[in-house]
Amino acid sequence: MASLTIRNLDEDIKQNLRERAAQNGHSMEEEMRLILASLDQASEALSPKRSVASVPSLSPFSSEVLEGKRILLIISGGIAAYKSLDLIRRLRERGAHVRPIMTEAAQEFITPLSVGALTADHVYTDFFSREDEQDVGHIRLARECDMIVVAPATANLMAKMAHGRADDLASTVLLATDKPVLIAPAMNPHMWHNKATQRNAKTLSADGIYFVGPESGEMAESGEAGKGRLSETFTIISKMLEILDDRPKPLLGRTAIVTSGPTHEPIDPVRYIANRSSGKQGHAIAAALAELGASVKLISGPVNIPDPVGVDVVKIECAEEMLDTALQLLPCDIAVMVAAVADWRVAGAAGEKIKKKKGQSVPTFDLVENPDILKTVGHNKKRPSLVVGFAAETQNLIDNATAKLNKKGADMIVANDVSPETGIMGGDRNRVRIVAHDGVDKWPDLSKEEVAMRLAKLVAQKLSELSV
Ligand SMILES: Cc1cc2nc3c(=O)[nH]c(=O)nc-3n(C[C@H](O)[C@H](O)[C@H](O)COP(=O)(O)O)c2cc1C
């Protein structure tokens, strides 16, 4: 459960809490505990199947970027306003200070008490509040932050921003700021697709306002589906990290393709041959290359993990589709082939489901070899400047990896022992050896994200050596 010290609360909020506690016959501590418990329940019920807290490893940008950052969060009056409470909590978990502004309409959906309790800061609501103006003032509010996030952003607030209106605190601050502004629109699909909203979105983009979402999906209020959902908390945070991240980007201007996950080779329309690859390592590598500035296309087989943010994902099923996609994406600077591509497929997969028939013997299948994607890319006339392959072996790791390096036209092979006792296949850690033409480097036991970042940095170093 979230925790919070009442002593640190703003006076207004304390007073509000005092009144609410008295009305309900609780102590202030009890009342606060109940509010936080209900927020926890709401956020759990509203979370997508995967928990937001479990996703950050797939972000191409490190959460440390948020430590100590001052975020001015503007909450406008849409049905998704309640999701801003989860956003506040996740930002504070990552060390950010969140200063909230709520529009008048936002207060119809969630209370300043909840927002203030979670931010532990004063909630700015009133344009003409003498107290607020003396305390910080709209110009200082606009400037004393590292970025402004509007989540959710209503069609109305977007329209005001696009036209330079300043008729309340939120719109005035947005007009007065010189900081990066990220907006997360959320509205009914008809409102989003309305020509006026689209015109405003275009204007705001051209004005340098960053966007995250809206996403497609079901609308909370009406059961309607379409584009207009607020982006998930983690997606908003990832976009914030991308904007705030000012670390060096040695792969800026470079293009990369990464393959990841297993392939599914059809037997018939419902059955397939597959392997145990989870896609965790390949997805993490795509994210790490993007974090270092590369423009990354991830060709992913069927996996049960979320797409890395900041990366273009092309989803495929079988080896032949993976190869076609990889070839279409050439030329590029970097290819990292991590996918566990099935070596064989069934010759002439059945077009209809194969039925079990009484008295008939079990079906047998002929297998044919799948294309060798690493070799095809490694020997292609549009070969990327740097080709990295993966060798998942259960025996003779280095010998097999060295043979692969030479045969496939790769610059490096990342060799890992996937014997069941290592727990690497599907697990979160990896122990790899980098087999290159100039020798073998043994890396320690690392998380898959750490392997990914180390590899991305090595790729950047090798590419810079090639360009001198
Ligand atoms: C129940 C209800 C739900 C609403 N949901 C949204 C919404 O999701 N997105 C939106 O742009 N407007 C929505 N509106 C309309 C806004 O509340 C309205 O345009 C308001 O003026 C926005 O004010 P603000 O932009 O100052 O916050 C909703 C209105 C109601 C009554």
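Which GluC sites (Glu not before Pro) does the stretch 182-245 hold that lie in a coil by DSSP with at most 11 other beta carbons within 10 Å? Don't skip to the answer; put the middle values down first.
On the way: sites: E215, E218, E221, E224, E232, E242; in loops: E221, E224, E232.
Filter output for the stretch 182-245: E221.
³J(HN,Hα) across the stretch 177-184 via Karplus (A = 6.51, B = -1.76, C = 1.60, θ = phi - 60°), whole Hz, x for Gly/Pro?
Working through the residues one at a time gives 7, 10, 9, x, 10, 10, 10, 10 Hz.
In nanometres, what is the gap between the two model label sites at S216 and H437, each 7 Å from Cα along Cα-to-Cβ?
If labels sit at S216 and H437, their model points lie 4.5 nm apart.
Could you order the peptides 149-156, 314-321, 110-117, 193-200 from most to least packed, using the average number of other C-beta atoms within 10 Å per residue?
Values: 149-156: 26.0, 314-321: 18.0, 110-117: 21.0, 193-200: 13.9.
Per-residue Cβ counts within 10 Å, averaged per peptide and sorted highest first, yield 149-156, 110-117, 314-321, 193-200.
Just to verify a number: FRET efficiency for Q107 and K14, C-beta to C-beta distance, R0 = 22 Å, to 0.05?
Once the sixth-power term is evaluated, E becomes 0.75.
Taking just the alpha-carbon atoms of the stretch 409-467, what radius of gyration and Dmax come out, in angstrom?
Both quantities, over Cα of the stretch 409-467: 12.4, 41 Å.
Multiply the residue gap between E320 and Q360 by 0.36 nm, knock off their C-alpha separation, and tell me the result in nm, one decimal place.
Extra length available between E320 and Q360 comes to 11.2 nm.
So for the pair K382, L330, with labels modelled 7 Å out along Cα→Cβ, what separation do we get in nm?
0.8
Past the 26 angstrom mark, what percentage of all C-alpha to C-alpha distances in the stretch 312-468 do you count?
On the way: 4447 of 12246 pairs.
For the stretch 312-468, the fraction of Cα-Cα distances above 26 Å is 36 percent.
Just for the Cα atoms in the stretch 237-387, what are the lengths along the principal axes, largest first, rounded to whole Å?
69, 38, 20
Could you give log10 I(q)/I(0) at q = 0.15, 0.16, 0.21 Å⁻¹ for the stretch 352-415, computed by the Debye formula over C-alpha point scatterers of equal weight, without solvent?
Reported log10 I(q)/I(0), two decimals: -0.60, -0.63, -0.84.
Name the long-range amide H neighbours of I183: under 5 Å, sequence gap of 5 or more, or other chain; modelled H, no Pro or chain starts.
Excluding prolines and chain starts, which carry no amide H, the hits are V150, Y210, F211, V212.
Lysines near K404 by alpha-carbon distance under 25 Å, same-chain residues fewer than 8 away left out - which ones?
Straight-distance partners of K404: K280, K297, K375, K381, K382, K442, K448, K457, K462.
For the stretch 179-309, with equal point scatterers placed on the C-alpha atoms only and solvent neglected, what are the log10 I(q)/I(0) values from the Debye formula at q = 0.10 1/Å, to two decimals?
For the stretch 179-309 at q = 0.10 Å⁻¹, log10 I(q)/I(0) is -0.49.
Can you check what the Kirkwood hydrodynamic radius comes to for the stretch 270-330, Cα pairs only, in Å to one decimal? Please list the in-between numbers first.
Values: mean 1/r = 0.0808 Å⁻¹.
Evaluated over the stretch 270-330, this radius sits at 12.4 Å.
Just to be sure I understand the model, the point goes 7 Å from the Cα along the line to the Cβ. What's the resulting E352 to S205 distance in nm?
The two pseudo-label positions are separated by 4.8 nm.
What aspartates and glutamates sit close enough to K356 to cross-link, taking a C-alpha to C-alpha distance under 15 Å and skipping anything fewer than 8 places away on the same chain?
Within the straight-line cut-off, K356 pairs with D268.
5 Å is the cut-off here: which amide hydrogens, built 1.01 Å from N in the peptide plane, fall below it relative to F127, excluding neighbours closer than 5 in sequence?
So F127 has HN proximity to L169.
Any chance you could run the full-extension gain for D126 through A176? It's 0.36 nm times the residue separation minus the Cα-Cα distance, nm to one decimal. Write down the numbers at each step before the final one.
Details: separation 50, 0.36 × 50 = 18.00 nm, distance 1.63 nm.
16.4 nm is the gain from fully extending D126 to A176.
So what is the orientation-averaged projected area of the chain, using the convex hull of its C-alpha atoms, in nm²?
Approximately 29.1 nm², given one-decimal rounding.
Any read-out appearing in this document is the output of simple, stated calculations on the displayed coordinates, not a laboratory observation. Remember, it's a predicted structure, so these values are computed and weren't measured experimentally. With ideal geometry, Cβ positions are generated from the backbone for all residues, glycine too; neighbour counts draw on all protein chains shown.
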